[in-house]
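Down below is the structure, laid out as structure tokens.
FYI, it's all coordinate maths here, none of it is from the lab. These numbers come from a predicted model, not from an experiment. Virtual Cβ from ideal backbone geometry, glycine too; neighbours counted across all protein chains shown.
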């Protein structure tokens, strides 16, 4: 097994903030603390760096990376109807591969090792292929959409088509790449899937120990429309379906009422806090302090680049720690709380177990080494504050997933980031042209860039 030592770093370990070394043997952290003696296969100089567990994002849309900058100054319902849903329908398998590779590249280069992504209704294999190729830890689901969601024109496929594709994806990808990639059960919204498909999908989730991933109460108008049509708000409707468990991840939760918060607290479900996307789309600000007080598990996510323009989880950490101080309590969500949301809470949400989202002996070696030029150890400054608040002044120098180095000296190991970005930008330009001209490629069109398995 390969042995790797990260030397002389400031480490945000489970036991607290310490200065020393991290030793990785194979895919496992075996030592965190004073200098590790003996020879190793690889040494990483951690001088001037802050070492953290790899960041975990609980809500992204890889298929939307190539939509970044195309849909601006719209609320979420207009954004979906005018741009996002039409653009998703234009995507070929090759397009989705380009978009997914671009999204994963940006996440890895900013310290995210693990993510939960909801794709569109078709070509989900391309997202799995990209995660395997680039070395990320990924839980990915196709958007299940066999029913029109209230207030939108969103409907993608028949119940039979959706179910058949979900079963095929589960057989193909759940537990692939030595368990590094898994399938999520992902109805796009509580009302976007028929009750029969929900029932079948939930049974599949139980049988395969899969995460259930959907959106709830993102926009006030949407939340009210759902409540009127279903005679229940989003979370109550999910409870009626039997869909609220510890393996359920609900994106946004901006407009939750008190009863819904209680249901979340009792069920153990997770809210994926996406503050940048919620602000950009004018959706509001989720009441995270209320959720934390009730013991609800809260993770963070960048959502899609189409409603964020970045996939850097530290941006969400910063906002999560700052937004809720507007009412006068400067410690209501601390930098340590924000880091916990982006590591341990995220790992719990994805059902990964206690060896993930932490740095301690025995933990899985998902690790990020952040260059921290403004941080001076031993002066009383806290590394967690620098990590959360210093923004672009810190970059991920090295990233490990399961002990394998996937980012080295600020660059991808398994692919060329500049080429991936160029392909993504070219696709974005092409999609704008296609949408304007009404061109809609067949879903079975040959991929323009074939995904690579590896």
How high is the relative contact order of segment 274-347, given as a whole-number percent (alpha carbon pairs under 8 Å, six or more residues apart)? 32 percent
Round to the nearest 0.05 the FRET efficiency obtained for residue 89 and residue 432 when R0 = 22 Å and r is the Cβ-Cβ distance. 0.90
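With an 8 Å cut-off on Cα pairs and a minimum separation of 6 or more residues, tell me the relative contact order of segment 55-349 in percent.
On the way: 608 pairs, mean separation 60.9, N = 295.
Rounded, it is 21 percent for segment 55-349.
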Highest-first arrangement of 63-70, 168-175, where packing means the average Cβ count within 10 Å: 63-70, 168-175
Could you give the angle, 0 to 90 degrees to the nearest 10, between helix 220-230's Cα long axis and the longest principal axis of the Cα atoms of the chain? 50 degrees
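For a protection proxy built on the mean count of beta-carbon atoms within 10 angstrom, sort 133-145, 29-41, 78-90 highest first, please. Spell out each step's value before the answer.
Values: 133-145: 26.1, 29-41: 14.5, 78-90: 18.8.
Peptide ranking by packing, descending: 133-145, 78-90, 29-41.
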Would you mind computing, in nm to one decimal, how far apart the modelled labels at residue 334 and residue 422 are, each placed 7 Å from Cα along Cα→Cβ? 4.8 nm
Can you sort 240, 207 from fewest to most other Cβ atoms within 10 Å of each residue's own Cβ? 207, 240
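To make sure I understand, if each residue's beta carbon is the centre and we count other beta carbons within 10 Å, what order do 408, 200, 366 fall in, fewest to most?
Numbers: 408 15, 200 18, 366 32.
With the sparsest Cβ surroundings first, the list reads 408, 200, 366.
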Can you tell me the 0 to 90 degree angle between the C-alpha axis of helix 195-208 and the longest principal axis of the chain, rounded to 10? 30 degrees
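Kindly put 112, 358, 208 in sequence by how many other C-beta atoms sit within 10 Å of each C-beta, fewest to most.
The order, fewest Cβ neighbours first, is 208, 358, 112.
Sorted by mean Cβ packing within 10 Å, highest first, what order do the peptides 228-235, 337-344, 298-305, 376-383 take? It would help to have the intermediate numbers written out before the result.
Details: 228-235: 18.4, 337-344: 25.9, 298-305: 28.6, 376-383: 12.5.
Peptide ranking by packing, descending: 298-305, 337-344, 228-235, 376-383.
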For the chain, the longest principal axis of the Cα atoms and the Cα long axis of helix 159-173 enclose an angle in degrees, to the nearest 10, of 20 degrees
For the chain, what does -39500 (n - 2.57) per DSSP helix run (n ≥ 4), summed and divided by total residues, give at 222 nm, in deg cm²/dmol to the nearest 500? -10500 deg cm²/dmol
Note on segment 55-349, DSSP bridge orientation, antiparallel percent to nearest 5 equals 5 percent
Between segment 47-78 and segment 164-234, what is the separation of their alpha carbon centroids in Å? 21 Å
For a paramagnetic label modelled at 7 Å from the Cα of residue 206 toward its Cβ, which residues of segment 155-195 fall within the zone defined by backbone nitrogen distances under 19 Å? 167, 184-187, 194-195
